[in-house]
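Everything below concerns the one structure shown next.
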Amino acid sequence: MTVPPLPGPPAAPSAAAPPPAPPRSRLRTLGVWALSIVLVIAAWGLVQLQQPDDAPYESFVSRTTVGEPATTRNLAMTVTRVRAAHAVSDGQRWRADGTWLVVDFDAAAVVDQFGALLATSNLHLGDRTYSATERGESARNMVLVTGIPRHGSIAFEVPPGSLEGAATLEFAVDYDTDADGVIEVVVDLDQVAMQNEVTLDPEGWAR
Amino acid sequence: MALPGLRKGAARPLAHPEYAVRVGERDEPLPASREEADATTRAASEARITAWARKMADRVPTAWLVSGAGAVLLASTAAFGGLADVPVPKPPKLHAGEHYVGSDLDMSVVSAAIGGEVRGTGLSPAAGQRTLVVVLDVTNEFSKPRSASAKDVLKGVTVKDVAVQGFSADRTVDGSSASFLQPGVATRVRISWLVDADDVAPGDEIQVLLPDSTHFVGELFTRGDYWADIRTGAYVTVGVDELPAEDEVTS
């Protein structure tokens, strides 16, 4: 069944009659469509601008490198040395074979030493996250003192052969780093020589 | 309320429409008439389209479609086993040394032993109790450290038909407490429990149950990774040895 064509454009008005009003309905349709498209594009733009859902929980990151100090809300620290070894000992009773990354650092609290611990000390390597080992005597969960840096070492046990490429160390004064300051230290593990055995620095005042 | 009477001059305006047009307005163009004509044409064509669409819609055999969809649904249900429960895969039965991957862990039972008070476990058996020790190799296959004492990790390891009490997990290599399992790091762990001396004796075979679970990522109200729906993933049959005397507390 054929559909009759829509009526064509109006015939030229007679000379006697003034020109008819412009086809207002079409203009209006066009306007509505244009406005709708503009609104859709604007909505898309808003979605692009919008932060992800977890944005309110994101940490405030101070990024630094080995040997350079960094400060965040209640933590000031400098990673002084990074070592890698096939075995690690704490200089006392504990010794363990494996693949180890040992990190020496000076750390202090900034504003408040009440409950200030180096609670978060993580290693991000590839798509994996390692936490500082709880084995042996190390500066994991070290007590921080306001303004007076303490020195210590922590060790990360990683799978054999994985100490290569870029890694990031993450430090914070709380287990929960949501919306709090975090110090990130970028380490190029290709520059870190593999030793046979290293000893953790004893915990003490930084020099 | 009185009916409002027709006021003089307002009477029957429609009966004599020519009187409604004031003199002089006749000369005005009548654009309304052409718009009216356009509107009439459009309305007519729209009516024709509607009628056509309705006729076409009437030709669709709705009843047949509904019955057909129902039949297809029933047939596919029957093809996949009807309304019977989906068979739950049975946990595999393994032996010592065989690996089982579940709960994002790679686990392999090495040995089992029973003794008195075992050095380094922190468990002190009461009278009539002994310490059951299971040694297993475990590797965390997840990308973040896992707490060993979680129900989906080493605390999920149990022994079939043996009531256990207490829990201790230590690394065999240095006796340190296995608090966290780092990703990809193979660890030999000793799990110790207190058991009734009558339940397990040297030379027995026990079935160690390894856990399986499902990993979830918190959304909306929860955050972070968690493992839920913890179930038995594998039965591992292992013989129980007598624990060497040097591992026991002698004092």
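Read-outs: derived from the displayed coordinates by stated rules, not from any lab. Only a predicted model underlies this, so the values are computations on that prediction, with no experimental measurement involved. With ideal geometry, Cβ positions are generated from the backbone for all residues, glycine too; neighbour counts draw on all protein chains shown.
What FRET efficiency do you get for B:Ser143 and B:Ala57 if R0 is 56 Å and r is their Cβ-Cβ distance, rounded to the nearest 0.05? Once rounded, the FRET efficiency stands at 0.50.
Considered as an equivalent ellipsoid built on the Cα gyration tensor, chain A has semi-axes of 68, 21, 13 Å, the largest given first. The lysines whose alpha-carbon is closer than 19 Å to the alpha-carbon of B:Lys90, local same-chain residues fewer than 8 away aside, are B:Lys160. Shown for A:Leu39, B:Leu136, B:Leu220: other C-beta atoms within 10 Å of each C-beta, ranked fewest to most, produce the order B:Leu220, A:Leu39, B:Leu136.
Highest mobility in the GNM of chain B, judged by mean-square fluctuation with C-alpha springs under 10 Å and restricted to B:Val185, B:Val138, B:Val72, is found for B:Val72. Straight-distance candidates among the aspartates and glutamates for linking to B:Lys93, with alpha-carbon spacing under 18 Å and chain neighbours fewer than 8 residues away dropped: B:Asp106, B:Asp137, B:Asp161, B:Asp204, B:Glu205, B:Asp212. Here the Gaussian network model covers chain B, with springs between Cα atoms less than 10 Å apart; of B:Val134, B:Val88, B:Val153, B:Val88 fluctuates the most.
Relative contact order (percent) for chain A, with alpha-carbon contacts under 8 angstrom and 6 or more residues of separation?
Details: 420 pairs, mean separation 50.0, N = 207.
Rounded, it is 24 percent for chain A.
The order of B:Arg190, A:Arg207, A:Arg95, going from fewest to most other C-beta atoms within 10 Å of their C-beta, is A:Arg207, A:Arg95, B:Arg190.
Give the calculated FRET efficiency between B:Thr214 and A:Asp188 to the nearest 0.05, with a Förster radius of 45 Å applied to their Cβ-Cβ distance. Efficiency for this residue pair is about 0.75. What residues have an amide H closer than 5 Å to that of A:Thr129, excluding those fewer than 5 places away on the same chain, when H is modeled at 1.01 Å from N in the peptide plane? Counting only residues 5 or more places away or on other chains, the set is B:Lys144. Applying 1/(1 + (r/R0)^6) with r as the Cβ-Cβ distance of A:Thr199 and B:Lys90 and R0 = 56 angstrom yields a FRET efficiency of 0.65. Could you tally the net charge around A:Thr129, taking each other residue with its Cβ under 12 Å from the Cβ of A:Thr129, Lys/Arg +1 and Asp/Glu -1? Within the 12 Å Cβ shell, the charges total 0.
Arrange the following residues from fewest to most other Cβ atoms within 10 Å of their Cβ: B:Ile114, A:Ile154, B:Ile230, A:Ile41. Let's see the in-between values first.
Numbers: B:Ile114 22, A:Ile154 25, B:Ile230 18, A:Ile41 10.
Fewest-to-most ranking of B:Ile114, A:Ile154, B:Ile230, A:Ile41: A:Ile41, B:Ile230, B:Ile114, A:Ile154.
Just tell me which lysines come within less than 21 Å, Cα to Cα, of B:Lys144; anything on the same chain fewer than 8 places away is out. Partners within reach: B:Lys155. The mean number of partner chain beta-carbon atoms within 10 angstrom of a residue's beta-carbon across peptide B:144-156 is 1. For the protein assembly as shown, the Kirkwood hydrodynamic radius from C-alpha pairs, put into Stokes-Einstein at 25 °C and a viscosity of 0.890 mPa s, yields a diffusion coefficient of 81 µm² per second.
Per residue of peptide B:174-182, the mean number of Cβ atoms on other chains within 10 Å of the residue Cβ is 5. Working from the Cα coordinates of region B:93-244, the gyration tensor eigenvalues give, after taking √(5λ), semi-axes of 27, 16, 15 Å in decreasing order.
On average, how many beta carbons from a partner chain sit within 10 Å of the beta carbon of a residue in A:128-134? Display every interim value, and only then the final one.
Details: counts 8, 6, 8, 6, 3, 6, 6.
The per-residue average across the peptide is 6.
Defining a contact as two alpha carbons under 8 Å apart and six or more residues distant in sequence, what relative contact order in percent does region B:167-215 show?
33 percent
Put simply, the convex hull of the Cα atoms in region A:28-131 casts, on average, a shadow of 12.0 nm².
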